[in-house]
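The structure appears right after this line, and notes come after that.
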Amino acid sequence: MNSQRADVAIVMGSQSDWETMRHAAETLEALEISHEARIVSAHRTPDRLYAFARGARAEGFRVIIAGAGGAAHLPGMVAALTPLPVFGVPVQSHALSGQDSLLSIVQMPAGVPVGTLAIGRAGAVNAALLAAAVLALSDTALAGRLDAWRAAQAERVAERPEKA
Ligand code: RP5
C-alpha cells in the first residue's frame with residue numbers, strides 16, 4: 001500500500017467534467033478527507049480505466065466517486081472491476097442535459113451496484129457526503145466533522161424568506 005494513499009478516488013471521463021466534479025473534491029476538502037482526482041475515460045483510455053479499477057483497492061482507496069457524461073460508462077465499468085463502493089455522478093451533457101448520463105449510470109444490472117446521484121453539482125456534492133458517511137462508520141473524528149457540517153448547513157437556512 002502506498003504511504004501517500006488517499007481514502008477517496010474521484011475519477012472522471014474528461015477534463016470537461018472537472019467543473020462538476022470539483023464540487024465533490026471541495027466537499028471532501030471541507031470534511032478533511034484525503035482524496036485524489038484522475039481523468040479515466042472508459043472510451044478514450046480503456047487501458048487506464050482497467051488498470052485504475054483493478055488496482056484501486058491495492059492503492060488504498062476505500063471509496064470511488066466516478067463522474068461522466070453522455071454515454072457514461074465509466075462508473076459501471078469501474079464497479080465491474082473493483083469491490084470498492086462506487087458512487088456515480090451524471091455530468092450534465094450539452095445534447096440531452098444529462099438525462100443520457102443519468103440513464104447510462106443508473107440502470108446497472110443486478111449484481112454490479114453503482115450508487116447513482118443527481119445530475120450535476122448536487123450529485124457531486126452528495127457523492128462526497130455519501131463517501132464521508134461510509135468512511136465515518138469507522139472514524140469517529142470524521143463522524144463528528146460530518147455532524148458539524150450538517151449542523152452548519154441547517155444553521156444557514158433562514159426560517160422565513162426575505163421579501164423584496
Ligand atoms: C464523456 O464524454 C466525459 O465524461 C464527458 O462528460 C463527455 C464529453 O467529453 P469531452 O468531449 O468534453 O472531452 O466521456
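All of the numbers you see were taken from the coordinates with simple rules; none came from a lab. A quick note: this is a predicted structure, and the numbers were derived from the prediction, not measured. Quick reminder, even Gly has a Cβ in these numbers, built from the backbone with ideal geometry, and neighbours come from all protein chains shown.
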Original post:
Of the residues LEU81, LEU135, LEU117, which is under 19 Å from ALA25 (Cα atoms) and away from the ligand (no atom under 16 Å from the Cβ)?
Top reply: LEU135
Original post:
Does SER101 fit the bill of being surrounded by fewer than 24 Cβ atoms within 10 Å (Cβ to Cβ) and not hydrophobic (A, V, I, L, M, F, W, C)?
Top reply: no
Original post:
Can we say THR45 is of a type outside the set (Asp, Glu) and either more than 12 Å from the ligand (Cβ to nearest atom) or within 28 Å of ASP147 (Cβ to Cβ) (or both)?
Top reply: no
Subject >> Scan of the range 82-111 for residues that are of a type outside the set (Phe, Trp, Tyr) and closer than 21 Å to LEU135 by Cα, ordered by number >> reply: THR82, PRO83, LEU84, PRO85, VAL86, GLY88, VAL89
**OP:** Name the residue, out of ALA56, ALA66, that is within 10 Å of the chain's Cα centre (by Cα), small (Gly, Ala, Ser) and either away from the ligand (no atom under 16 Å from the Cβ) or buried (at least 21 other Cβ atoms within 10 Å of the Cβ) (or both).
**Re:** ALA66
Original post:
In the range 136-153, which residues are part of a helix (DSSP H, G or I) and surrounded by 14 or more Cβ atoms within 10 Å (Cβ to Cβ)?
Top reply: ALA136, LEU142, ALA143, ARG145, LEU146, TRP149
